[in-house]
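**Student:** Got a structure for you, written out below as structure tokens; questions coming shortly.
Just so it is clear, none of the values below were taken in a lab; they were calculated from the coordinates. The model shown is predicted, which means the values in this text are computed figures rather than measured ones. Don't worry about glycine lacking a Cβ; one is built from the backbone with ideal geometry, like all the others, and counts go over all protein chains shown.
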Amino acid sequence: MGSQGGWGQSKEFLDLVKSIGEARSKAEEDRIIVRELEYLKRRLADPDVPRRKMKELLLRLVYAEMLGHDASFGHIHAVKMTHDESLPLKRTGYLAVALFIDERHDLVILVVNTIQKDLRSDNYLVVCAALTAASRLIGEEAIPAVLPQVVDLLAHPKEAVRKKAVMALHRFYQRSPSSVSHLVSNFRKKLCDNDPGVMGATLCPLYDLVLEDPNAYKDLVVSFVNILKQVAERRLPTSYDYHQMPAPFIQIKLLKILAVLGSGDKQASGHMYTVLGDIFRKGDSASNIGNAILYECICCISCIFPNSKMLDAAAETTSKFLKSDSHNLKYMGIDALGRLIKINPDIAEEHQLAVIDCLEDPDDTLKRKTFELLYKMTKSTNIEVIVDRMIEYMISITDHHYKAEIASRCVELAEQFAPSNQWFIQTMNKVFEHAGDLVNIRVAHNLMRLIAEGFGEEDEGADSQLRSSAVDSYLRILGEPKLPSSFLQIICWVLGEYGTSDGKHPASYIIGKLCDVAEAHPTDDTVRGYAVSAILKIFAFEIAVGRKTAMLPEFQSLVDELSASHSTDLQQRAYEVQALLGLDKQAVGSVMPLDASCEDIEVDRNLSFLNSYVQQALENGAAPYIPESERSGAVSVGNYRVQDQHDTSAHALRFEAYELPKPSVPTATSQASVYLPTTDLVPVPEPSYYKEDHQIGRSQPSGSAPSGEFGAKLRLDGVQKKWGRESYTSSSTPSSSTSSQQAANGASNSDGGAPISSQARESSYGSKKQQATEVSAEKQRLAASLFGSAAKADRKAHAGRRATKESSSTEKVTAANAAPQPAKEQVVPAVPPPDLMDLGEPVPSSAPSADPFSQLDGLLGPASASPVVSATSAPSASNTPDLMSIFSDDTGTTSGSAEPAVGAQKGATAKKGHSLQDALQKDATARQVGVTPTGNNPNLFKDLLG
Amino acid sequence: MIQAVMVISTLGKPRLLKFYNFQDPEKRQELVLSIFQLLSERPEGVSNFVETDAIFGPGTKLVYKHLATVYFVFVFDNSENELAMLDLVQVFVETLNRCFKNVCELDIVFNFNKLHTVLDEMILGGQVIETSSEEIVRSVEDIVGETIKHNKPHTKVDFAALQPLIFSSHFQDRIRRTLPEEIRLAFEFISSGLSVL
């Protein structure tokens, strides 16, 4: 074959290529290559193959690997060939090795020795081959082995070798800066190399070094400027010209380096202006490479200390780019414009039309670049146009990566510059409709929060108008097929919360829509959960205002279906709906107040409503509670089981890990020993105060009203622990489940006399309120940065605190019989103290905790496998069965009302923050201030919902 | 730095792959496929740059040139200048043209090791070290130890792959513009069938 001379391949290779080319299908091609590989395997192992033939076989192997087939059997042969004396064979060996393996491969160690030897060769071509291989194959560990030789080669007489030695050293520096850090000065030296090629190559490592630490190279600014000047003035040999431009790649590299060095440095920038002006003047905008240099000049000018003359020149060149017919130049022009408007936003004005043209261009690259520019120049005055455009484009593309990016940019801009709330909601609707599954779930929660909190400062009318328009738009959008899950969640939540509030839509209509949603997404448990809870809320609101809502057949079937769902979460929700429907108006109104999604939920975290019961039990001769620290492992299995259940409730999937009593004891012990100063629990003189001690720590044993700073300290403790070690986290939910019971009791049975609240506790709330005030300032800023209305968060926080105060004071009223019972401690220590801290936060929702309980029931066996609704009380019941009696005795409707209350809280709170790991932190702070009640413990939901 | 140099035929077959950050063979095929899909969707007469954040990671771009039956693709990060990279493609093609005289796809297929040699003289470790095609040819000749002969492979089947890269794009464009639709389609059908290597 013709092109074989010294290069070409044999007939066999030609045939191989031809047959691959003629292959009708991928399978046929694969068969051909597999056959080829078998042949190669046989031949390569054959010791009698002549060396020249070996070379060809190896190249065929490289070819097969390039087509995606495994050629690992031949790697060793490539390594062997690097040992060959003949240069062509050696080069082929190096080439094949470099293509086959990387520096981490085991075989590299066999090549290092060869490279070492070849670096010392007298033949500079061999040295070059070795340097090329070294830059590819020498990893961090092997660098010391070849480093001395490479450094020696920096002084090699041949410039090609010096150049490659510099690059190899640069490569070593990239791989492992520490192993060549002592040689960095060599790069500076090589900048003065006689050969411009070597000097040019040195600029590559210097650029990296300058990027890392510009200050260390400020002294070189003058040298760089001088070099650039000489190059631009054509002082170099003409052999360095490229398309009549003197050494353009060197110029570009120098301009890049100067841009970094001159950034924010007036003095250094001062040296550069002259040469930059010269380059602009001489600039050749006719050739591609000339434009490349001009563009690099613009970049440099936009980075260094601004100079109005330079900026004018840059703006002028940019407008030339933008007016050009070439798409490439337009692209560069848009990019340059993006850089220049950072310094002077007015520059964009005169190019508006050109920018709009680029936006209409069929070229996707140009379009994206233009959107990037628009993103940079968005202001509150142009946001509507820009975001509309972006959304339009977002809808038209299919590339998920870019879709997600542009969606997040839309959201970011909308949050930053939204002109009106109406517009914000509409924009968000569009974003969610078309890219809902690609945007951060946090955005969905912000939207829900925004709708719930309203926007107008004190203008309820505007808020409700906004909500009703949101409801209208959502009802309309629901007709669309294939809505993203996160958008459906928002829709369900808003419909549940505000669907009937303006009276425009009958409840049955909304419920029907929600049923449709649940039905249309049989596999999306999250959406179904949202839908069912929304239905529950609508029923609750209807009942509360005394309207009778007909049970739609589809709703009935939905509830039936969900009651038997595999998802315990859905089951629970279904049972809650059913339970709620059986309640009277008053009970429903208290468990599910209208438009209360922004209210705090107050929790009696000391289970004080059980105090009288405990005391009664003690009087009847029951054994007093022994804290876990006092107990040995065998004392009470029942207690451990409760502990286990509590632990498990936080992370349902970890049930096995906590089933053994041993692991749970030490944790509980350590916590208890820290927080329980007294071991002798029975004769506590002032138990109601004792509880307070408990909260604020040992430092205040007298139990008088704690000061704010103690409260603050305490709070921090709790928070830290909550987010800190695993053990605390896992135990945090049980408290919230019990506390939600308490809250339920507190809310629905405030007249029942069971809840007990002492003066001390009230004061502890006071301290917490103070705490909340401190946090709220920070919160306001956050809200302001997100939605531009600082006062809102504040307002909500105040409302939340007001609610807190009211609820605690009602409890105080009923707390006349704040009986001092040692037995109270029986209950309290069962909940690990850090949780008590957490309970201070107003929003524990029982949704997550209730679920694992029900799961647990199944695990524990049929005995306690009670219906999900009562599951929350099941653990405590299994421990102290009498608890149930106090529920029924003292609180009248307890088991009836407490449990729906749990559900109600869940309905009110869990919907917002479903399984939002990323919103966790935010929610936590939000809850502290009482801005939004959100679902807690997203971890749990993650476990449950996958 | 330059991340990769690829030559891909217009049918999606890799003709030359060089990655300056090692990629394992499966990943290479994946990258070739996604790049090819990207390029084949691009209409004529648009810019030569594509942002490849989704394929090569944030900040990466590629510049490509469609010549005759192959795409030349250089992938690089934001420490390189797009227009300069475009010229580097030009240098590469010019150098190949000097080595093979009217270089065509067949030359590339049969001499991919030579292409590697040329590239190694241009780019080392992802950095440009030489941009003069004369200089590159000279070093390549030194390495080979002989003056490069301008021989063409003889084959009876493949017309499209024999199209000189430098001129062919004009030729194809002219055919597309001037011939009636049916003939153009026939031409494209034939050339696509024949250019399969």
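**Student:** Which value results when the Cα radius of gyration for the stretch A:362-426 is divided by 2.2 N^0.38 Å?
**Tutor:** On the way: Rg = 11.5 Å, N = 65, 2.2 N^0.38 = 10.7 Å.
In units of the globular-protein estimate, the stretch A:362-426 measures up at 1.07.
**Student:** Please give the length that would be gained between residue A:324 and residue A:356 if that part of the chain were fully extended, namely 0.36 nm times their separation in residues minus their C-alpha to C-alpha distance (nm, one decimal). Provide the component values of the computation, followed by the final result.
**Tutor:** Details: separation 32, 0.36 × 32 = 11.52 nm, distance 1.45 nm.
Contour length minus the Cα-Cα distance gives 10.1 nm.
**Student:** So how do A:28-40, A:524-536, A:330-342 stack up, highest first, on mean other-Cβ count within 10 Å? Please report the intermediate quantities before stating the final value.
**Tutor:** Values: A:28-40: 16.2, A:524-536: 26.6, A:330-342: 23.7.
Those peptides, ordered most packed to least, come out A:524-536, A:330-342, A:28-40.
**Student:** Using each residue's phi in the stretch B:101-112, evaluate 6.51 cos²θ - 1.76 cosθ + 1.60 at θ = phi - 60° and report the 3J(HN,Hα) Karplus result to the nearest Hz, with x for Gly and Pro.
**Tutor:** Residue by residue, the stretch B:101-112 yields 6, 6, 4, 9, 4, 4, 4, 5, 5, 7, 10, 4 Hz.
**Student:** Another question about this same structure. Using Cβ counts within 10 Å as a stand-in for footprinting exposure, how do B:133, A:72, A:185, A:629 rank, fewest first? Could you put the intermediate results ahead of the total?
**Tutor:** Numbers: B:133 22, A:72 12, A:185 9, A:629 17.
Least to most surrounded, the residues fall as A:185, A:72, A:629, B:133.
**Student:** At a Förster distance of 60 Å, what's the computed FRET efficiency of residue A:159 paired with residue A:564, Cβ-Cβ distance as r, to 0.05? Walk me through the intermediate numbers first.
**Tutor:** Values: r = 81 Å, r/R0 = 1.36.
The computed FRET efficiency comes out at 0.15.
**Student:** Set the bar at 29 Å for Cα to Cα. Now go through A:158/A:253; A:163/A:376; A:189/A:320; A:80/B:61 and name every pair that lies beyond it.
**Tutor:** On the way: A:158/A:253 23 Å; A:163/A:376 41 Å; A:189/A:320 40 Å; A:80/B:61 37 Å.
Check vs 29 Å cut-off fails for A:163/A:376; A:189/A:320; A:80/B:61.
**Student:** In addition: Evaluate peptide A:14-21: per residue, the Cβ atoms of other protein chains within 10 Å of its Cβ; return the mean as an integer. Numbers along the way, then the final one.
**Tutor:** On the way: counts 6, 0, 0, 6, 6, 0, 4, 12.
What the average comes to for A:14-21 is 4.
**Student:** Right, something else. Please work out the C-alpha center-to-center distance from the stretch A:397-413 to the stretch A:317-345 and express it in whole Å.
**Tutor:** If we compute the Cα centre of each part, the gap is 23 Å.
**Student:** How much length, in nm to one decimal, is gained on full extension between residue A:581 and residue A:117, taken as 0.36 nm per residue of separation minus their Cα-Cα distance? Let's see the in-between values first.
**Tutor:** Values: separation 464, 0.36 × 464 = 167.04 nm, distance 8.72 nm.
My answer for the length gained is 158.3 nm.
**Student:** Per 0.36 nm of contour for each residue apart, how much would the distance between residue A:312 and residue A:152 grow if the chain were fully extended, relative to their Cα-Cα spacing? Working shown, then result.
**Tutor:** Working: separation 160, 0.36 × 160 = 57.60 nm, distance 4.79 nm.
Here the answer is 52.8 nm.
**Student:** Ok, one more. Compute, for the stretch A:388-587, the length of the dipole vector about the Cα centre, with Cβ point charges of +1 (Lys, Arg) and -1 (Asp, Glu) only. Units Debye, rounded to 20.
**Tutor:** Values: 17 positive and 29 negative charges, 50 e Å.
With only Lys, Arg, Asp and Glu charged at Cβ, the dipole is about 240 debye.
**Student:** What is the average number of partner chain Cβ atoms found within 10 Å of a Cβ in B:83-95? Working shown, then result.
**Tutor:** Working: counts 16, 13, 1, 5, 10, 3, 0, 4, 4, 0, 0, 0, 0.
The shielding value for this peptide is 4.
**Student:** Using θ = phi - 60° and the Karplus relation 6.51 cos²θ - 1.76 cosθ + 1.60, list the HN-Hα couplings for the stretch A:114-127 in order, rounded to whole Hz, with x at every Gly or Pro.
**Tutor:** 4, 4, 3, 5, 5, 5, 8, 5, 7, 7, 5, 5, 5, 4
**Student:** Sort A:136, A:573, B:138, A:467 so the one with the fewest other Cβ atoms within 10 Å of its own Cβ comes first. Don't skip to the end; give the middle numbers.
**Tutor:** Values: A:136 24, A:573 31, B:138 14, A:467 21.
Listing A:136, A:573, B:138, A:467 from fewest to most nearby Cβ atoms yields B:138, A:467, A:136, A:573.
**Student:** Next up: To the nearest whole number, what is the average tally of beta carbon atoms from other chains within 10 Å of the beta carbons of peptide B:128-137?
**Tutor:** Details: counts 8, 11, 6, 9, 7, 1, 1, 4, 0, 0.
Mean shielding count: 5.
**Student:** Answer rounded, prolate or oblate for the stretch A:162-302, using the Cα gyration tensor with square roots of eigenvalues a ≥ b ≥ c: rounded when a/c is under 1.5, else prolate when a/b is larger than b/c, else oblate.
**Tutor:** On the way: a/c = 2.00, a/b = 1.35, b/c = 1.48.
Verdict is oblate for the stretch A:162-302.
**Student:** Classify the stretch A:388-587 as rounded, prolate or oblate, taking a ≥ b ≥ c as the square roots of the eigenvalues of its Cα gyration tensor: rounded when a/c is under 1.5, otherwise prolate if a/b is larger than b/c and oblate if not.
**Tutor:** Working: a/c = 2.40, a/b = 1.46, b/c = 1.65.
Taking the square roots of the gyration eigenvalues as a ≥ b ≥ c, the stretch A:388-587 is oblate.
**Student:** Also, I was wondering about something else. Under the rule of at least 5 residues apart or a separate chain, name every residue whose amide H is placed under 5 Å from the amide H of residue B:124.
**Tutor:** Amide H neighbours of residue B:124: B:129.
**Student:** Please compare each pair in A:53/B:101; A:164/B:27; A:482/A:513; A:282/A:330 to a cut-off of 19 Å on the Cα-Cα distance and tell me which ones are over it.
**Tutor:** Numbers: A:53/B:101 27 Å; A:164/B:27 29 Å; A:482/A:513 15 Å; A:282/A:330 21 Å.
Table pairs above 19 Å Cα-Cα are A:53/B:101; A:164/B:27; A:282/A:330.
**Student:** How would you classify the stretch A:138-241 from its alpha-carbon gyration tensor, with a ≥ b ≥ c the square roots of the eigenvalues: rounded for a/c under 1.5, else prolate if a/b is greater than b/c, otherwise oblate? Mind showing how you got there, number by number?
**Tutor:** Working: a/c = 2.57, a/b = 1.41, b/c = 1.82.
Since a/c reaches 1.5 but b/c is at least a/b, the shape of the stretch A:138-241 is classed as oblate.
**Student:** Under 5 Å between amide hydrogens, which residues at least 5 positions from residue B:4 or on another chain qualify, with H placed 1.01 Å from N in the peptide plane?
**Tutor:** Answer set, sorted by chain and number: B:20, B:75.
**Student:** Please report A:423, A:493 as a ranked list, fewest other C-beta atoms within 10 angstrom at the top and most at the bottom. Don't skip to the end; give the middle numbers.
**Tutor:** Details: A:423 15, A:493 26.
If I rank by nearby Cβ atoms, fewest first, I get A:423, A:493.
**Student:** For labels at residue A:70 and residue A:508 in the simple 7 Å Cα→Cβ model, what's the distance in nm?
**Tutor:** 6.7
**Student:** Now for a different question. Could you give each residue of the stretch A:318-327 its phi-based ³J(HN,Hα) in whole Hz, using Karplus coefficients 6.51, -1.76, 1.60 with θ = phi - 60°, and x for Gly or Pro?
**Tutor:** For the stretch A:318-327, the Karplus curve yields 4, 5, 4, 4, 5, 7, 5, 7, 6, 5 Hz.
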